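Visitor: First the structure, which I've put down as structure tokens, then a few questions once you've had a look.
The values are calculated or read from the model by the stated rules, or taken from the named source; none is laboratory data. Please read all numbers here as calculations on a predicted model, not as lab measurements. Cβ: placed from backbone, ideal geometry, glycine included. Neighbour counts: every protein chain shown. All accessible areas refer to the heavy atoms of the entire protein, side chains included, with ligands and DNA or RNA removed. Shrake-Rupley method; radii C 1.70, N 1.55, O 1.52, S 1.80 Å.
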Amino acid sequence: MKLGFLMIILTLVDNGQLSAAFVNTDTMEACEQRAAVVRGILEKGAYPIEEMVCRAAEVEFEPFVHGMEEPADRQAYLISFDDTKATVERVESCEAATVQAGQFCATSTQKIVIDGE
């Protein structure tokens, strides 16, 4: 998979769980521009932003869909990032995951796009 840029948005939801949303972009500039718009929208909402970053990443996600009529299955992801790169990997559940310092476990309705699918 090619290296691109990923906006990672982690918000704290009612039950104390982290919820994740992901946006893939081709450039860091595009990621940061979109992040500024999204931050403005989310800061007016009910769910506090825990983390919001743009980083280089080798993972691609299905597009985020707003206002789904039926609740979608949630995927659990172990997320880590440094000053330049992010890593996101699917885990069975956040309850069963071993979260190290500097990592987050969050759930999302988005799925990782597998090459060829």
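Visitor: Tell me which residues, restricted to segment 22-46, are within 20 Å of D83 (Cβ to Cβ), in a helix (DSSP H, G or I) and in contact (Cβ under 8 Å) with a residue 24 or more places away in the chain.
Guide: Across segment 22-46, the qualifying residues are M28, A30, C31, R34, A35.
Visitor: Which one is modelled with the highest pLDDT, of the residues in segment 65-75 that are part of a loop (DSSP other than H, G, I, E, B) and open to solvent by less than 100 Å² (accessible area, probe 1.4 Å)?
Guide: Per the criteria, the residue is V65.
Visitor: In addition: Determine which single condition A101 fails, assuming it passes every other condition in (1) part of a loop (DSSP other than H, G, I, E, B); (2) aliphatic (A, V, I, L, M); (3) open to solvent by 100 Å² or more (accessible area, probe 1.4 Å); (4) at pLDDT below 90.
Guide: Result: A101 fails condition (4) only.
Visitor: Being among the hydroxyl-bearing types (S, T, Y) and under 17 Å from N24 (Cβ atoms) is the filter; apply it to segment 76-92 and report the residue that is surrounded by the most Cβ atoms within 10 Å (Cβ to Cβ).
Guide: Checked segment 76-92; the qualifying residue surrounded by the most Cβ atoms within 10 Å (Cβ to Cβ) is Y77.
Visitor: Say whether the condition of being within 15 Å of S108 (Cβ to Cβ), at pLDDT below 95 and either surrounded by 15 or more Cβ atoms within 10 Å (Cβ to Cβ) or not aliphatic (A, V, I, L, M) (or both) is met by at least one residue in segment 24-37.
Guide: No, the conditions are met nowhere in segment 24-37.
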